[in-house]
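Step one of this worksheet: look at the structure below.
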Amino acid sequence: MILLFLILAGFLPRAGTAPALNYGPPPEASDYASGIPVITYHQITLHRSTYSATPARLRSDLQRLYDAGFFLILPMDIDDGLSRVPFDRRPIMITFDDGWEDNFRYVEEPDGEQLLDPDCALAIVNTFIEEHPDFGRGVVFFISWDKVPFGIHTEEKLNTVLDMGHCIGNHSADHLSFTKIPPSRYHEQVIPALVSFQHRLGLRVSDINVVAYPGGRIPSGADAESTLASMEFQGRPAVIQGYLVDGAVSSFKRIYEQEGFGEYRISRIDMALYSVPRLLAWSNIMVKSNARPSLHDDLPWRP
Ligand SMILES: [Zn+2]
C-alpha cells in the first residue's frame, strides 16, 4: 500500500518510463549551416583572361580551402547524402569547365618521355591531394565538344582522368547557351556529346550523367528541368544533375525541395569573379561541428 502510494505520488519510477538520455546539444543542422559550395574554374594559365586563374592562384585556393576544413566531394556524393564527408569537415566540389588544354597537358622531356605538366590543373590538384590525403580526392572536368577536349590525345586523357578517380561531366556538344535554344532542342546538345564520350570511353560513358549548362543558366518556367530529367541515353537517364553558374551556394533544402527538380539547378560560383576569402565569409557555408554526439545520430547535413 505504501509502495503504491509512492508510485502514484511520483517518487518511484513506474514500469515503462525510461530515463531521458542526454546526447548533448544537437549538431548544427539548420539551413544556415547546410551550404554545399560548388566552385568552378576555366583556364589555368599565366596568360590572364576574363575566365582564367593562374597556377599559383589555384594552388593557394586549394590550400585555403583545405585549411578552412573543406573536403572534396563529387556529384555522386550529393545523391549519397554526403556520407563520405568526415564529420568534422565541410563539403566542397571543385569543377573545371570546357576541357581546356591547360587543364590536362603533357610536356615532353629531352629523352622524349611525356610528363604531366606540373602547372596544368590536373597536376596541381593531384599533387595537392597526394600531399593532403585527408582532403578527399576528386574534382570534376565538364567537357564541351566545340573544340578538341584537352587539346590533344583526348581519348587517353579522358580515360586517365577517370582512372585517377576524378569525374567527367557533360558541358554540351556545341557550347550553346541553354537559354538560347528551346528545351525541345536540348537533346541536340546533350546526346551528341554523350556519343562523343562513348567513342572515347566505351562503357564508361555510363559514368557521365551530370551537365554543366553552357553559359551557366537555363530558363525558368519553360519545362527545362522536366525535359532534362526525361532524356535518356542507352536506356539510362542522360542527365541526373544540372549545374548553373549563379554565384550562389546550394543547400540540400534547395536541391531536394524545388518540386523534384532542384538537382537540375545546382548553384556554382565562378572563381574568376569570387575569391576563397570572400567565400569563407558567407554565412551559408556549412559550419563545422565540434563532435558527433552519437554514432547513431545523423550527420548534420543529411537531407
Ligand atoms: Zn563553358
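The values are calculated or read from the model by the stated rules, or taken from the named source; none is laboratory data. This is a predicted model, so every value here is computed, not measured. Cβ sites come from the backbone with ideal geometry, for glycine too, and all protein chains shown count toward neighbours. Ligands, DNA and RNA are stripped out before the accessible areas are found, and what is left, the full protein with its side chains, is counted by its heavy atoms. Shrake-Rupley method; radii C 1.70, N 1.55, O 1.52, S 1.80 Å.
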Stretch gain in nm, segment residue 146-residue 181, where the contour uses 0.36 nm per residue and the Cα spacing is subtracted: 11.0 nm
Sulfur and carbon atoms: percent of accessible area, the stretch 30-280 [1.4 Å]: 50
1.4 Å probe accessible area per residue over the stretch 30-280, in Å²: 42
The stretch 30-280: translational diffusion in µm²/s, Stokes-Einstein, Kirkwood Rh over Cα pairs, 20 °C, 1.002 mPa s: 116
Rg and Dmax of the stretch 149-293, Cα atoms only, in Å: 16.9, 51
Label-to-label distance, nm, for residues given as residue 47 and residue 188 (7 Å Cα→Cβ offset): 3.1
Exposure of residue 147 as accessible area (Å², to 10), given a probe of 1.4 Å and all protein chains: 60
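Given 0.36 nm per residue, what is the gain on full extension from residue 174 to residue 253 after removing their alpha carbon distance, in nm?
Values: separation 79, 0.36 × 79 = 28.44 nm, distance 3.24 nm.
That works out to 25.2 nm of additional length.
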Under-5 Å amide H pairs with residue 141, H placed in peptide plane, nonlocal only: 96, 167, 168, 169
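Can you sort 127, 50, 227 by 1.4 Å-probe accessible area, starting with the largest?
On the way: 127 70, 50 110, 227 35 Å².
If we order 127, 50, 227 from most to least accessible, we get 50, 127, 227.
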Extension reserve of the residue 281-residue 261 stretch, reckoned as 0.36 nm per residue once the Cα distance is removed: 4.3 nm
In nm, spacing of pseudo-spin labels at residue 130 and residue 204 (7 Å Cα→C-beta vector): 1.9
Candidate aspartates and glutamates - alpha carbon under 17 Å from residue 147, same-chain residues fewer than 8 apart omitted: 97, 98, 101, 102, 155, 156, 174, 188
Modelled FRET efficiency - R0 25 Å, residue 162 with residue 113, Cβ distances, 0.05 increments: 0.60
Estimated FRET transfer efficiency when R0 is 25 angstrom, pair residue 83-residue 234 (beta carbons, to 0.05): 0.30
